[in-house]
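*Asks:* Before I ask anything, let me first share the structure, which is written out below as C-alpha cells.
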Amino acid sequence: MRTSVLPLPRLTPLLLAALVALSGCPAPTEVYTEVEFDVTVPPETPVSAQVFLQGEHPAFRASARGLELFYQGGQLFSARAKLPEGEEVTFTAKLFSPEEQVPLERSGQPAGSWRYAARADEEKAGFTVERWGPPEGLTGPQTVFLVTVPATTPPDDVLWLSGNQPELGNWNPAGVKLHKAMDNMYATSLSFQPGTSLEFKATRGSWATVEKDMLGQEIDNHVFKTGEDYEHVPFSVEWWADFGSVPPPQVRTGDIEYLVAVKPKDPTLRERDVIVWLPPGYDQPENASRRYPVLYMHDGQNLMDATTAAYSREWNVDETAQRLVEAGEVEPLIIVGVYNAEEERIAEYTPVPFPPNYPDAGRADAYGRFLVEELKPRIDARYRTRKDAASTGLAGSSLGGLVSLYLGLEYPNTFTRLGVISPSVWWADRDIIQRVEQLSGPLPLRIWEDIGTDEGSGPEAETVTDAEDLYKALKAKGWSDANLKYTVVPGGRHNERAWSQRFGDILRFLFPPTP
C-alpha cells in the first residue's frame, strides 16, 4: 500500500511566531546581516537629488520616503541596512529632485523591482540605475549632454547650451539651461528627431562667456548626429572667453626626460627627438628593482607638450597617465613618444607607396627597423623596462594608427599591445585589410581600434565604414572580444582634442592594473 505524503505549508514569520507561542517554547533567535547597498546612478542625475530605497520590509521604511542613500562621489550612492539572513527582500529606488522618478531600462520601460537575499558571507549588494523617468516610462529618443568644465569655473554660475536647433535655442547664448550633475559635471536631456545633425557650444549665458580652447582660442562647434535611442554626448570645456590671461600649457606633468636628436642608422630616415614619461614612484628607493611595461607612441611632439604640438594642442598623455596610474586604474608603465619627421611623416608611417599622389611613400619597414633594432634597445638599456613582447605596446593615430597595426603584424615578437586610433585604412586601396585577410589566424596581439563618426569624408578620410571593415577582418581571423576592443565615438573628430579625450580608455584597455 502506497502512502501519500502532503507537503507542509511554508512557515511565514507570523505563523512561526504563533506556533512558538502556543507551544510554550522559546522563540528562535533571528540572525541579521548588515548589508551595504551600493547604487550606481546615471551621470545626468542632479547633484541635489535625494535617492531612496523603497520596499515592504521594515528596513526600507526608515522614513516616509524609504531608506535614504547617501552620495559617495562619482555616480555612487550607498546606505546600510540590517536584514534577516536568508530572507529575500524586494525593493526599488526612487529619486526626488524635485519631481519623483523611478529606474527605467535603457529602452525607457520601467525597470521593476530588485530582489536580494542577505547572506552572512556577503556584506555588499550592488545595483545600477540605467536611467530615470516617470513611473509609466518614456518613449522616443533622448539625448543627454554631459559637460565637464574647468575647475576655476565660478560654482554659482549657470551653464547653458547654445546650438543650431530650436531645442538648443537657435544659437541664443542662453539657449538651454544645464543642471549640476554627478561627478562635477553639468547635464541636460533633450529629444530630437533621429538623424538630426547638431552643432553646439557651452556658455555661461552670453557670447562673452563662451567656451574656448586651453590657449584661449576659438574652437570649432561640437557636432553630433542623433540616433533613435537613449544616448550620452559628453564633452569638455577647456577655458572660458572671459577668463582673461590663459594659464601656461600643461607640460611636463610627472617625471619627463628627452633623448635629443636621435639619428637612425638608415640614411633615408631623419633624426628626431624622443620624449620619455616615467611613472609615479619610478625613482623611489622601494621601487629600485621594479621593471615596467613600455608603450611606444608615434607623433611624440603632440603627446605631452602644447608648445611643440600641432595647432598648439596636445594629447595630455602625461596628465592622463599620471592620474590613472595614481588611481590604480592602469598598470604603472613607461611611455616613449617618438617625434615624427615632419614632411617625411607620411613616408615613414606607410607600408607601401600610393601613386600617383604618394609615389615616394612606403618607408614603414625602415621606420620599424629603427624602432625595433635601435630605439627599443636604447630605451631598455637606459630605463628599467620589461623587455618582453607581452609588456610592450605601440600606438598612434591616423597614419600612426595604420603603422601601429602594420608593425604589430610584422613584429608580433616585439609589440603585442596595439593602439590603432582613427586608423587611415584607406591608404593604398585598403592595403592593411588585405594584409589581415592573408593571415592564417590571430596573432598574440591585444588591439584597441577606434573611430569617430565625424572624422571626415572622401577618398582620403578616416571613415566608420573602413574602420568597421578592418574590425570585421580581424574578427574573421579569430581575434576574441577579450583581445580586440572596437569603439565608435559619437561626434568624434580627427584631431588631438578628440584623441586626448579617449586616451584614458585606451590606456585602461591596453595596460589594465595587475592583480
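*Asks:* Mind checking which pairs have a first residue in segment 132-147 that is over 17 Å from Glu228 (Cβ atoms) and not assigned by TED's automatic domain parsing to the domain that holds Pro110 and a second that is in a loop (DSSP other than H, G, I, E, B) and charged (D, E, K, R), Cβ under 7 Å, 6 or more apart or different chains?
*Replies:* If the second residue must be in a loop (DSSP other than H, G, I, E, B) and charged (D, E, K, R), the pairs left are Leu146/Glu44.
*Asks:* Working carefully through the options Gly337, Gly328, find the one that is outside any helix (DSSP H, G or I), under 23 Å from the mean Cα position of the chain (by Cα), of a type in the set (Gly, Ala, Ser) and surrounded by fewer than 22 Cβ atoms within 10 Å (Cβ to Cβ). Outline the logic, then answer.
*Replies:* Working: Gly337 fails: surrounded by fewer than 22 Cβ atoms within 10 Å (Cβ to Cβ).
Every option except Gly328 fails the conditions.
*Asks:* Can you tell me which residue in segment 483-500 is surrounded by the most Cβ atoms within 10 Å (Cβ to Cβ), limited to those that are in contact (Cβ under 8 Å) with a residue 40 or more places away in the chain and among the basic types (Lys, Arg)?
*Replies:* Arg497
*Asks:* Is there a residue being in a strand (DSSP E or B) and in the same structural domain as Gln322 (by TED's automatic domain parsing) anywhere in segment 433-447? It would help to see each step written out before you state the result.
*Replies:* Restricting attention to segment 433-447, the residues satisfying the condition of being in a strand (DSSP E or B) are 446-447.
Next, only the ones that are in the same structural domain as Gln322 (by TED's automatic domain parsing) stay: 446-447.
Yes, segment 433-447 contains at least one residue that is in a strand (DSSP E or B) and in the same structural domain as Gln322 (by TED's automatic domain parsing).
Conditions tested, residue by residue: (1) over 16 Å from Leu394 (Cβ atoms); (2) of a type in the set (A, V, I, L, M); (3) within 19 Å of the chain's Cα centre (by Cα).
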residue	(1), (2), (3)
Arg290	yes, no, no
Leu303	no, yes, yes
Ala309	yes, yes, no
Asn316	yes, no, yes
Glu319	yes, no, yes
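*Asks:* Take the residues of segment 96-117 that are in contact with a Phe, Trp or Tyr (Cβ under 8 Å, 6 or more places away or on another chain) and among the aliphatic types (A, V, I, L, M): which is farthest from Tyr230 (Cα to Cα)?
*Replies:* Looking at residues that are in contact with a Phe, Trp or Tyr (Cβ under 8 Å, 6 or more places away or on another chain) and among the aliphatic types (A, V, I, L, M), I get Val102.
*Asks:* Among the strands (runs of 3 or more DSSP E) contained in segment 164-270, which hold 2 or more residues that are surrounded by 16 or more Cβ atoms within 10 Å (Cβ to Cβ) and in contact with a Ser or Thr (Cβ under 8 Å, 6 or more places away or on another chain)?
*Replies:* Numbers: elements: 185-190, 197-203, 222-225, 230-236, 255-262.
Once the strands (runs of 3 or more DSSP E) in segment 164-270 are filtered for at least 2 residues that are surrounded by 16 or more Cβ atoms within 10 Å (Cβ to Cβ) and in contact with a Ser or Thr (Cβ under 8 Å, 6 or more places away or on another chain), what remains is 185-190, 197-203, 222-225, 230-236.
*Asks:* Still on this structure: When you scan segment 485-515, how many residues do you find that are more than 22 Å from Ala473 (Cβ to Cβ) and not in a loop (DSSP other than H, G, I, E, B)? Lay out the reasoning, then the answer.
*Replies:* Residues of segment 485-515 that are more than 22 Å from Ala473 (Cβ to Cβ), as a first pass: 490-491, 493, 495-505, 507-508, 511-515.
Still in the list and also not in a loop (DSSP other than H, G, I, E, B): 496-505, 507-508.
The qualifying residues number 12.
*Asks:* For residues that are of a type in the set (Ser, Thr, Tyr) and without any contact (Cβ under 8 Å) to a residue 40 or more places away in the chain, scanning just segment 182-208, find the one that is farthest from Glu130 (Cα to Cα).
*Replies:* At the first step, the residues of segment 182-208 found to be of a type in the set (Ser, Thr, Tyr) are 186, 188-189, 191, 196-197, 203, 206.
Cutting the leftovers down to without any contact (Cβ under 8 Å) to a residue 40 or more places away in the chain gives us 196-197, 206.
On the way: Thr196: 24, Ser197: 25, Ser206: 34 Å.
By that ranking, first place goes to Ser206.
*Asks:* Say whether the condition of being among the small types (Gly, Ala, Ser), part of a strand (DSSP E or B), modelled with pLDDT under 95 and within 25 Å of Leu507 (Cα to Cα) is met by at least one residue in segment 283-295.
*Replies:* No, segment 283-295 contains no residue that is among the small types (Gly, Ala, Ser), part of a strand (DSSP E or B), modelled with pLDDT under 95 and within 25 Å of Leu507 (Cα to Cα).
*Asks:* Would you confirm whether any residue within segment 31-43 is within 22 Å of Pro234 (Cα to Cα), free of Cβ contacts under 8 Å to residues at least 60 places away in the same chain and either charged (D, E, K, R) or crowded, with 18+ Cβ neighbours inside 10 Å (or both)?
*Replies:* So far as segment 31-43 goes, no, none of its residues is within 22 Å of Pro234 (Cα to Cα), free of Cβ contacts under 8 Å to residues at least 60 places away in the same chain and either charged (D, E, K, R) or crowded, with 18+ Cβ neighbours inside 10 Å (or both).
*Asks:* Those residues that are surrounded by 19 or more Cβ atoms within 10 Å (Cβ to Cβ) and either touching a Leu at 6+ places or on another chain (Cβ under 7 Å) or at pLDDT 95 or above (or both), I need them from segment 462-482; list them, please.
*Replies:* Residues satisfying the conditions are Asp466, Ala467, Leu470, Tyr471, Ala473, Leu474, Trp479.
*Asks:* Do we find that Gly393 is more than 14 Å from Val352 (Cβ to Cβ) and either of a type in the set (A, V, I, L, M) or in a helix (DSSP H, G or I) (or both) in this structure?
*Replies:* Considered against the rule, which asks whether it is more than 14 Å from Val352 (Cβ to Cβ) and either of a type in the set (A, V, I, L, M) or in a helix (DSSP H, G or I) (or both), Gly393 comes out as no.
*Asks:* Hey, among Ser63, Ser107, which residue is among the hydroxyl-bearing types (Ser, Thr, Tyr), part of a loop (DSSP other than H, G, I, E, B) and under 18 Å from Trp132 (Cβ atoms)?
*Replies:* Ser107
*Asks:* Being in a loop (DSSP other than H, G, I, E, B) and either in contact (Cβ under 8 Å) with a residue 12 or more places away in the chain or surrounded by 16 or more Cβ atoms within 10 Å (Cβ to Cβ) (or both) is the requirement here; does Arg80 meet it?
*Replies:* no
The values are calculated or read from the model by the stated rules, or taken from the named source; none is laboratory data. In this text, all values refer to a predicted model and were calculated from it rather than measured experimentally. Every residue, glycine as well, gets a Cβ built from its backbone with ideal geometry; the counts of neighbours run over all protein chains shown.
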